[in-house]
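First up is the structure itself, then whatever we jot down about it.
The values are calculated or read from the model by the stated rules, or taken from the named source; none is laboratory data. For clarity, every value in this text was computed on a predicted model and none was experimentally measured. A quick note on method: Cβ atoms are made from the backbone with ideal geometry, for glycine too, and the neighbour counts reach across all protein chains shown. With ligands, DNA and RNA removed, areas are computed over all heavy atoms of the protein, side chains included. Shrake-Rupley method; radii C 1.70, N 1.55, O 1.52, S 1.80 Å.
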Amino acid sequence: MKSLASAWRERRPAKKKPVVAAPANPSAPAAASANINTPAPAELTDCSGWRQADVFNLDHLYVVDAGGKPRRVDTPLGIAVISQSCDTSQPSKDHIHVAPVVRLDGTARAEALNGKRIAYAALPQLDPGHFADLDTITTVHKNALADKTRTPGVHTDHDTRRFAGTVSRKFGRFAFPDEVVWTLQPLRDILASKARKEATPLGKLLTHIYAIRVEAQNNGGWLNAPYDLSLVVIFNEGVLPYPRADDNLPAEPAELRTSLSLAPGQPAIGKEATIADILNRPTTPMEHRYWLWQYLLDAWAQRCEQAADQCGVRAIIASVSAEPIPVDEFPLSRANNSEDLDLDYLSEPLPRAPKSQT
């Protein structure tokens, strides 16, 4: 295992210089905008009370089809405001972004409520089955909603933050380099096949994972290859039996490797199901539980390294390691220097419900 000091060192990427627009050319002809027919703005309706996630009973929207022409989309359940509340309520902003309200049932509804379908932002003030469809977002003039009934789609602070967090998550995914995507594909496949099967041993374990983040530990972060990748697996409170800051972490039990038929230093690839089964047993000793989690994560990292070999990108991917850490020990400094491995089939990282609501 890598040292704690190594895991905590600063890895902040260099900031790009802002692009500064060139000054206007005084010898240029009159502004081209003079040729654009711009109608005088209509007096804007009062929007001071409007907020993100408000729902209006507008029965249709228009989107651009494959031929570049407007296409009508019926919205019998209305439309939800996607723009931030500060833009939505500002009289100086005459357009806002909206999305159709849809209803989900069964598995789709449960997964959307659990944050496993990031295309849907929950509108619980309407009904637990109502969501804003973030795959169909368009722009409307506020005056088009002036005579429509407005209904708040969220009410509590938690629901408001959750809606905003879902919208942010939808559009805030980090664009990993292609070589990193190929390398991490085995982990994506494992999570995709098991995350929705909570009755299986591994599927049950995945419910304990708060988020997975990826760090580029080399100097320069994502700006300079080759990358030393670290899979930072963040666990819900109480899952890992020992704090990471504990100076008395348990030594690796010799009998544990023997019980799994693993030689010293041998990765536990192929043993993941057995490890998951043992971890799910309430009688498993804490020191065994600590090392079993590490075995499991190391197996995931080893599978990723094998993928890098098979894809011929080891010149770009120098290594892949894994680190378990409790959510209450993951600092903001590391969040700033890592990227979320955001997957549709894992619960959203933030925000989570207060303990009293879980």
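About its Cα centre, the dipole of the stretch 134-195 is roughly 240 debye, where the only charges are +1 on Lys and Arg Cβ and -1 on Asp and Glu Cβ. The accessible area of Thr258, taken with all protein chains in place and a 1.4 Å probe, comes to roughly 100 Å². Subtracting the Cα-Cα distance of His60 and Asn248 from 0.36 nm times their residue separation leaves 61.4 nm of extension gain. Here each label is just a point 7 Å from Cα along the line to Cβ, and for His95 and His155 those points are 3.5 nm apart. Each part gets one Cα centre, and for the stretch 123-170 versus the stretch 182-219 those centres are 30 Å apart. At full extension, Leu223 and Asp74 could sit 49.1 nm farther apart than now, given 0.36 nm per residue minus the alpha carbon distance.
In this simple spin-label model, placing a label point 7 Å from the Cα along the Cα-to-Cβ direction at both Gln185 and Asp46 gives a separation of 5.8 nm.
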